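Asker: Have a look at this one.
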Amino acid sequence: MKIGLIYFSPTGNTAKIAEIVKNKLVELHNEVEEFNITNYSERQKKIDLGQFEAIIFGFPIYYWRAPRVIRDWLLTLKGEGKKSSVFFTYGGVNVGLAHHNIKNILTNQNFILISTAEFVGKHTYNLAGWKLNESRPNQEDFEIAKDYTVKTYKRFTDEDTGIVDFEPSHITEEAVDRIEIMLKKEIPIPFREEECSMCQTCEESCPVNAMDADNGKPNRSTCIRCLRCVVNCPDGVLKIENMLVQYQLIKKATKFTDEILNSRKSKILL
Ligand SMILES: Cc1cc2nc3c(=O)[nH]c(=O)nc-3n(C[C@H](O)[C@H](O)[C@H](O)COP(=O)(O)O)c2cc1C
Ligand code: SF4
Ligand code: SF4
């Protein structure tokens, strides 16, 4: 079977799971074509979905759903009745409406969603002082990713004819929109701490074209706070302010303890 594997991964967790999924699919004798759509320029290219029998998507969770930039990009795709699956990575705080929301989007785009999964990964804001799931995804997560791939493949081939059918969520899209607006305001943008070698990597790899390498500053309104530039800077001069206050606020609002936040299990939803 020819399968398209499309993923967005500013800081690498989702890419790690995508690698495991790809290797397992190849082991199952499939032909897999990978599309890493993290960089802005990659999302401007049209992907010919017609050549694939099924598609697997991989996205991080931003504010309880797939990132807005990805939700918008998905609206440019035509599923034409193709089977699809989505896996998420998240930092252990909350997956919120991610599974329901992606099912609605893909169904509206005429895909058939046959499975989803969520994998725990180090939280992006560990770069701002948080200490969430620092060594995830780990071997246990990778084993769950292999199992997810096998179960998904069985649904692609009709050996298992199920599709995902979630119970309605008590959380509404409007409530999550409000949470997204509220949380976004609390997150600082990266800054350049000192002079650098001007390699331009931060500008070229920014997923939303928000970074200006010449002055080392992102555009405040378009920057999605993904911290790809911080991770990718070869000189290590891009930084983000400490966000421990925000961490305490999230803990207070959710009533989650450090122990709960650091002991999440990755899950397959079939
Ligand atoms: C803007 C933003 C919002 C995030 N929102 C959530 C969230 O709602 N719940 C959560 O558990 N983790 C959240 N995270 C953490 C990421 O989902 C997690 O670190 C993910 O694995 C990053 O994927 P990547 O390494 O492929 O970029 C957020 C990260 C960012 C940058
Ligand atoms: S990636 Fe780092 S070194 Fe390269 S231009 Fe940006 S700030 Fe400078
Ligand atoms: S400038 Fe903003 S959006 Fe661009 S890579 Fe850096 S944090 Fe991400």
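The values are calculated or read from the model by the stated rules, or taken from the named source; none is laboratory data. Nothing here was measured: the structure is a model prediction, and the numbers come from that model. Neighbour counts run over all protein chains shown; Cβ positions are idealised from the backbone, glycine included. Keep in mind that these areas ignore ligands, DNA and RNA; they rest on the heavy atoms of the full protein, side chains included. Shrake-Rupley method; radii C 1.70, N 1.55, O 1.52, S 1.80 Å.
Asker: FRET efficiency for LYS265 and GLU159, Cβ-Cβ distance as r, R0 = 30 Å, nearest 0.05?
Answerer: About 0.70, to the nearest 0.05.
Asker: Counting pairs of alpha carbon atoms under 8 Å apart in space and at least six apart in sequence, what relative contact order in percent does the chain give?
Answerer: Computed over the chain, the figure is 20 percent.
Asker: Provide the FRET efficiency to the nearest 0.05 for the ASP147-ASN126 pair, computing r from the beta carbons and using R0 = 35 Å.
Answerer: The pair ASP147/ASN126 has a calculated efficiency of 0.85.
Asker: Show VAL245, VAL230 ordered by accessible area, largest first, where the area counts protein heavy atoms only and the probe is 1.4 Å.
Answerer: Descending order: VAL245, VAL230.
Asker: Next up: Leaving out ligands, DNA and RNA but keeping every protein chain, what accessible area does THR257 have, in Å² rounded to the nearest 10, with a 1.4 Å probe?
Answerer: The value for THR257 is about 60 Å².
Asker: Find the cysteines in the chain that fail to meet the 4.7 Å Cβ criterion with every other cysteine, and list them.
Answerer: Singleton cysteines: CYS196, CYS199, CYS206, CYS223, CYS226, CYS233.
Asker: Cα extents of the chain along the three principal axes, largest first, in whole Å?
Answerer: Principal axes ranked by extent give 56, 42, 36 Å for the Cα atoms.
Asker: Could you pull out the trypsin sites (Lys or Arg not before Pro) across the range 238-270 that fall in loop regions by DSSP (anything but H, G, I, E, B) with no more than 12 other Cβ atoms inside 10 Å?
Answerer: Here the sparse-neighbourhood loop sites are LYS255, LYS265.
Asker: So, with +1 on the Cβ of K and R and -1 on the Cβ of D and E, and no other charges, what is the size of the charge dipole of the chain about its Cα centre, to the nearest 20 debye?
Answerer: Once rounded to the nearest 20, the dipole reads 560 debye.
Asker: Within a Cβ distance under 12 Å of HIS99, other residues only, what is the Lys/Arg minus Asp/Glu net charge?
Answerer: Cβ neighbours under 12 Å give a net charge of 0.
Asker: When the accessible area of the chain is computed with all protein chains present and a 1.4 Å probe, what percentage of it is carbon and sulfur?
Answerer: 50
Asker: Quick check: pseudo-label points 7 Å beyond the Cα along Cα→Cβ at VAL26 and ASN242, how many nm apart are they?
Answerer: Simple spin-label model gives 4.4 nm for this pair.
Asker: What does the charge dipole of the range 46-142 about its Cα centre add up to, to the nearest 20 debye, if the Cβ of each Lys and Arg holds +1 and the Cβ of each Asp and Glu holds -1?
Answerer: 260
Asker: Moving to a separate point now. Using a 1.4 angstrom probe on the protein heavy atoms only, could you order LEU244, LEU261 from most to least accessible area?
Answerer: LEU244, LEU261
Asker: For the chain, with every protein chain kept in place, what is the accessible area per residue (1.4 Å probe, Å²)?
Answerer: I get 49 Å² per residue for this part.
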